[in-house]
Structure formats: C-alpha cells, structure tokens
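The values are calculated or read from the model by the stated rules, or taken from the named source; none is laboratory data. Note that the structure is predicted; figures quoted are calculated from it, not measured. Ideal geometry is used to build each Cβ from the backbone, glycine not excepted, and the neighbour counts take in all protein chains shown. For accessibility, only protein heavy atoms count, side chains too; no ligands or nucleic acids. Shrake-Rupley method; radii C 1.70, N 1.55, O 1.52, S 1.80 Å.
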Amino acid sequence: MTDARPDDAAASSEDERDAHDAAAEVGQVGDTREARDRRDSREARDSRDSRDHRESRDGIDTTDSTPTLRERLADLDPGVVGSRFARAWRRSLQLRVVTSTLALSMGVILTIAFMLQSQMAAQLLSTKLDAAVEQAGRLRLTVEAQIAATDEGTSEQSRLDQARSALGERGLASGGDSVHAGTFDPILVIPDQTGRGQVVSPSGAQVPPELQALVQRGRIAYQYVTMEFRGEPAKALIIGTPTDSSIPGLELYLVYPLIAEEQTLGIMRGIVATAGLAIIVLSAAIAWIVARQVVLPVRQAASIAQRFANGHLKERMVIRGEDDVARLAMAFNDMAQSLSDQITQLEEFGDLQKRFTSDVSHELRTPLTTVRMAASIISDSAEDLDAPTKRAVELLESELDRFESLLTDLLEVSRHDAGMAELSVAEMDVRNAVHDSVETVAHIAESAGVEVEVNMPDEPVIAEADSRRVERILRNLIANALDHSESKPVTVTLGMSDAALAVSVRDRGVGLKPGEEALVFNRFWRADPSRVRRSGGTGLGLAIALEDAKLHGGRLDCWGSPGEGSCFRLTIPRRHGGTLTSSPLPLTPEDEARQNRPNQPTPLDNAPAGTEGEG
C-alpha cells in the first residue's frame, strides 16, 4: 500500500496509567549512569573473553578429548579424509600455497631428472659405441691374421676356436683396448653357403638375424639386445663386421654387456632422486615458513575482526616490525579505534536521545493535564458558545486526545529502549483479546464503512501471555488495516497449533510496494504522508507492536502487494519461553495455497525478509 502503516487506536485508560508509571521509571534513568554501566559491562566482558582467548591459545584444556578406537577408525574412512582435506583446502591459504609449491617442485624435478637421464644414457651409449667400433676394426685384423696362420687342412670349427681364443687372450692381455671399450665376448660365424649349416664359435652362440643380414651385405652394424651374458641376462651391445680371410664369408661379432652403464645410470638416478626429495622437502619447508609469515597476520586480523564484530571493541592486532604486514596491522588498529570511538559516541548519543524522549514526555504531562482541565471547563459550557467556537472546542479535545496518546506511546517506546519493559504473564483466552480489540476500533470501522470479519475457533485458545500487550498489538494492527482498507472488508483470523498461536489481519486495500515490508515498523514512517489517519494514530503503533511481539518471544510479519492489500501476522508461543518453528496461519497467498493441504504449517523462514523492522 502507498500509505503509512504505523498507526494505532486511541489508548485506553489502562494504557495511560501504565505509561504514566513508565514515565516515572524511565525518568530516573540518567544518561551518564546508563552509559557508564554499559561501558563497564563491556569492559568486563572484553577482559573475560580476552582471558578465555589467551587460555585457549596457550592450549589450556581440562576436558578429556582422547578419541576412542572407533572414532579413530572412522577418521580413516576415505570419504571422511577426502571431505576434511577438501574443507581444509578451501579454508587454508597456507595449505594451498604449500601444496602448489610441492606439486610445481615435483614437476620441475621430474622433468630435470628425465632430461638428465636421457642425456647421460645417450652419452654413455655413444661413447660405448665409438669405442666398440674402433676396437672391432682392430680385432678384425687380428682374426684375419690368425685365420691365415692356421692350417687350411684343419676343420673350420677348430680354426674358428683358435682364432676366438687368440682374440680373448689378446683382449685380456692388452688391457688398454679392453678397458676403453669394456669387457666383450667374441663370436665368429661362417654362414651356411653349401647347405652344411653355419659354423659358430663358440658352439651354440646366437646372433640376431637382422644384424647378421646387415653384416652379410658387407656393412659394419650394431644392435642393442637383451641376452644371456656369461650365464646371466643382461642388456648388451652387439657389433658385427665382415672379415677378409681365407674362409669365405667369415663374420666377427663382439658382444659388449651394458652392466657398467646400467650401474652408472642407477647411481645417477639415486643421486637425482635423493637430491630431488631434498629439494622438495626444503621447498615445502620454505613455502610453509613464507606462507606462515603472511597467513598468520591475516588469520590474526580475521579473528580480531570477528571478535570486534561481536562487540569486543578493545581487540587490536600486535604490531611487529615496519614491513607491509606491520603497516596492515597499524591501519587495522586505526580503523578499529575509529570504529570504537564512533560506536561509543553513537551509544552515548542514543542514550541522550532516550533520556531526552523520556524527559520531554514526562515534562509534558503536567502542562497537558492543565490544558485538558481547561478544555474540559470550556467543553462544559459548550452549549453557550456559538457554532464556530463549539467546533473549535471539539477539535481541541480531539487533538488533546491524540497528543496524550502520543505521549503515552513515547513513554512506552522509552521503556522498551531502556530495557525496562516487562511482561505480566498469565493464562488467557486469546479469543477475548481479539474480541475486545475489534470492539475498541468498532467506531473507526463504522465511520469508514468497513466490515470487520472475525474467524476464531469455537474452543478456547489458551496461552501464557500479557493480555494488555497482546490486545494492544491487535488493536494497532486492526486500526492500521482500517486506515488502508479502501472501504473493503478486513479479515481477522485466529489460529493455533500445539506450540504456537497466530492472529492475522488481512486487508484488501492499496497494499505495499516491494521493499516496504521492512519499513512499516519504523517509527513515524509513512509511505504517503498525505493520507488521513482515521484512527488518529501517532505513528508509533506498529513499532510498539513489534517490540511487544519480541517481548513475548514471537514475531510480527507482514506481506503486501500493490492493489492486493496486505496481511500482518502475529505469532507467539503458547507457553512462555517457548520456541517458534512454524506459524499456524499463512502470511502470503502462496502460504495460504500450501496450507490448504492438511498438516502443512507455514515455516517462519518463508516470511518476507526484513519483517522484524528497524524498531
């Protein structure tokens, strides 16, 4: 709706007496004393919380937190470990920095290790191959000379064995060539040319067919294979070369085992792995230390900011050094001090406002009483006055009534602000409060031509509540609905559940614009100041109603839509001190449609945001 909702009905005589008592109570609360008490309470709380914080930080724990075996086994569940690591990953900057450093370091080290191993292996094999080719050329001459020195009448197998024996003796005796190229085993082969089969020395030795085919073409060739070398499998380099001897097609093959090279590469891999592991550990430690130096001040700032937000205004960061972190701590402390000073000033200003409102309301009581007495004397003689004067007297009495209602509401607001409002709890039938509230504003409904529909259960609705405050809430809500109903019916509905009761006041007037649900409970707020208040409200009715609802541990929610009207819903627990989880009555049309299904209470969380107002 476009008009102001914070209106109320004329205060009853009982409200006036309570308000007058409130004036006496509130008038005794001094600004200096109240502010001093609040500051002393806050300082004591800060000191106690700081002590508790230090004890928890120092590790003081008097509880037995030793986990059981079942708890330890549950902690080892992969799902639990994974969820905890994911949570720690999201929450810990230090963990992310260290883990990223480890991953990057490991990737770099693996890349370097692969490159080093490839380069070293290629270098070792190249050196081995060059030496073997050179040695094979010299040994070929030896074979040719040995074959020429043997008797041609001797069998080919014997001649090959003698030549191979000479190669072995020469290789072992000369030393220099053998050491340069490494240990080798010679193989002499005469290919099958006459169908008798090939002759091999030593007997049973095998040469890869691919390599033999290349050598038979007159080329010096080599091949890396895995074969048995002196009874043990090993990787080896086989180099073959044709010879120019009296035996046609004689081939010389030298088998060089790569055991020494494998050992060299193994040692290199061990060195790289050890160095890489050391680098990774050192990188993790360095990253941990560096991240800790940055993260700890941030964590400290976050913890202090959280405690500062909770009201511990004396919390400050510790300043060490003159670096960037120290400047951050100085800026944070300056900000905290500035906020603390401003909050203290606002508290003192608020106390001054409360004191001023209370004093003004109290001091206006006496002149108001005098003016009312004078107005009553004039009113008694109204029959002797002319028509304009008589009308002026009527307006004077009406405005005096409104002025007195405003003073009463101001005193009530002052009592809520000072924390002095108390409940007079007793069992009551809420139906009586609804009936009395409707009767109180019946003259407003009659003058506005608005029909008030009341829906209540037939059985008693018993609750532990303050009947005076409940009736005042309902009276303000109904009078407010009548002011904005646009002559359309107003529906008052009472509902209950086992734990709560609710009263909704629904009008079908101009409604509320989006966002105004959070403003209607503000003091003196009006959407359309030009709208006339039929109820003669003061602009404080809904603000007081909200405070009365909170005092009962309840809620006062509202909903509105332009052209569809609005709905105000009061929900309080049926037992004093109870907790609300749902409301027995709907608030919005969507809630109403949902509640048409049986056993579907309206969750309080579905109420529009901001319905608790800014009282």
Practice task
Using the heavy atoms of the protein chains and a 1.4 angstrom probe, tell me the accessible area per residue for segment 252-316 in square angstrom.
Solution key: 55
Exercise for the section: Tell me the GluC sites (Glu not before Pro) within segment 309-358 that lie in a loop according to DSSP and have at most 10 other beta-carbon atoms within 10 Å. Expected result: Glu322
Practice task
Sort 480-487, 200-207 for me by packing, meaning the mean count of neighbouring Cβ atoms within 10 Å per residue, highest on top.
Solution key: 480-487, 200-207
Problem - Within the accessible area of segment 395-499 (1.4 Å probe), percent carbon and sulfur - result: 46
Practice task
Please work out whether segment 125-165 counts as rounded, prolate or oblate from its C-alpha gyration tensor, where a ≥ b ≥ c are the square roots of the eigenvalues and a/c under 1.5 means rounded, while otherwise a/b larger than b/c means prolate and anything else oblate?
Solution key: prolate
Exercise for the section: Normalising by the residue count of segment 213-280, find the relative contact order in percent from Cα pairs under 8 Å and 6+ residues apart. Expected result: 24
Fill in the blank from the handout: For segment 382-399, Karplus-derived ³J(HN,Hα) couplings (6.51, -1.76, 1.60; θ = phi - 60°; whole Hz; x for glycine and proline) come out as 5, 5, 8, 9, 6, 4, x, 5, 4, 5, 5, 5, 5, 5, 4, 5, 5, 5
Problem - Loop-located trypsin sites (Lys or Arg not before Pro) in segment 181-282, at most 16 other Cβ atoms within 10 Å (DSSP) - result: Arg196, Arg217, Arg219, Arg230
Practice task
With a point put 7 Å past each Cα toward its Cβ, work out how far Ala213 is from Arg91 in nm, to one decimal.
Solution key: 6.9
Problem - Sites Met335 and Leu400 - FRET efficiency at Förster radius 51 Å, r taken between beta-carbons, to 0.05 - result: 0.50
Fill in the blank from the handout: Under the Karplus relation with 6.51, -1.76 and 1.60 and θ = phi - 60°, whole-Hz ³J(HN,Hα) for segment 214-225, x at Gly and Pro, equal 5, 5, 5, 7, x, 10, 8, 9, 9, 7, 9, 9
Practice task
Convert each backbone phi in segment 86-92 into a coupling constant with the Karplus relation 6.51 cos²θ - 1.76 cosθ + 1.60 (shift: θ = phi - 60°), then list the ³J(HN,Hα) values in order as whole Hz, x for Gly and Pro.
Solution key: 4, 5, 5, 5, 6, 9, 10
Completion exercise
So the carbon and sulfur contribution to the accessible area of segment 306-391, 1.4 Å probe, in percent, is 58
Problem - Förster radius 22 Å - calculated FRET efficiency between Ile271 and Ala234, Cβ distance, rounded to 0.05 - result: 0.45
Fill in the blank from the handout: So the FRET efficiency between Leu116 and Ala260, C-beta based with R0 = 25 Å and rounded to 0.05, is 0.85
Exercise for the section: With label points built 7 Å along Cα→Cβ from the Cα atoms of Ile462 and Thr226, find their separation and express it in nm. Expected result: 9.2
